[in-house]
Each structure stands twice: as structure tokens, then as C-alpha cells.
Amino acid sequence: MIIGELAIFPTSEGVSVSRYVKEVVNVIENSGLKSYTGGMATTIEAPDLKALFELVEKTHQVLVDMGAQRIHIDLRVDHRLDKEASVLSKLRSIDKS
């Protein structure tokens with residue numbers, strides 16, 4: 001399992017970008033991948049890098065389609081190969097589930 005943390009937003013569209021973020025979150029939530037949206041980023045569980053990168057590309061495209069002229073993307077990826085990991089298992093390991 002790949003766990004990714006994604007923050008993507010336009011930096012060219014003024015001080016409030018919530019309408020753009022809402023559209024991005026909608027794309028993520030409708031992707032079929034498990035996700036958890038927080039105040040600063042969305043954590044996504046994907047079966048492989050290809051699925052995660054395809055979703056990042058779709059979120060980018062929605063911002064382009066909305067007319068954004070400059071887009072900022074932060075993507076952090078955790079790919080554990082020694083055992084199966086999920087957001088829930090990571091939270092359990094620190095007694096936060």
C-alpha cells in the first residue's frame with residue numbers, strides 16, 4: 001500500500017482559494033481511493049504509485065481547467081515494503097486510532 005499526503009492549490013488566484021480546494025477534494029473523494037482530508041492536506045491510500053500519480057494528475061488538471069495560472073503541489077509518499085501499512089495502522093502505532 002502506498003500512503004500519500006497531497007496538498008495542491010493555485011498560488012495565482014488571490015488570498016482565498018477554497019473554491020479550488022473544494023473541487024480538488026471532490027476529485028479525490030470520487031477517485032475510489034480511501035482518503036482523509038485535513039486542514040492542510042489530504043492523505044490518500046493507493047495500491048501503487050501509478051494510481052497515486054494518476055490521481056495527482058487529475059487534481060492538477062481540474063485546477064488548470066478552472067483557469068489557475070500557477071499551481072503549487074506538495075506530495076509526500078510513504079511506501080512500506082516490509083509489511084502492509086495503512087493510515088489506520090500508522091495511527092494505531094501511536095495510540096491515536
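Would you work out the relative contact order for the chain, in percent, from Cα pairs under 8 angstrom that are 6 or more residues apart?
Here the relative contact order equals 46 percent.
Ignoring everything but the protein chains, give the 1.4 Å probe accessible area of Thr11 in square angstrom, nearest 10.
70
Stretched out fully, how many nm does the piece from Ala7 to Glu54 gain, at 0.36 nm a residue minus the Cα gap?
15.4 nm
Give the Rg (one decimal place) followed by the Dmax (whole number) of the chain, computed from C-alpha coordinates and expressed in Å.
Computed over the Cα atoms of the chain, radius of gyration and Dmax are 14.1, 44 Å.
Straight-line reach only, C-alpha to C-alpha below 21 angstrom: list the lysines that Lys83 could link to, leaving out same-chain residues fewer than 8 apart.
Partners found: Lys34, Lys50, Lys96.
Quick one: angle between helix 18-29 and the longest Cα principal axis of the chain, in degrees between 0 and 90, rounded to 10, please.
40
The values are calculated or read from the model by the stated rules, or taken from the named source; none is laboratory data. Note that the coordinates shown come from a computational prediction; the quantities given were computed from them, not determined experimentally. Calculation scope for accessible area: heavy atoms of the full protein, side chains included, ligands and nucleic acids excluded. Shrake-Rupley method; radii C 1.70, N 1.55, O 1.52, S 1.80 Å.
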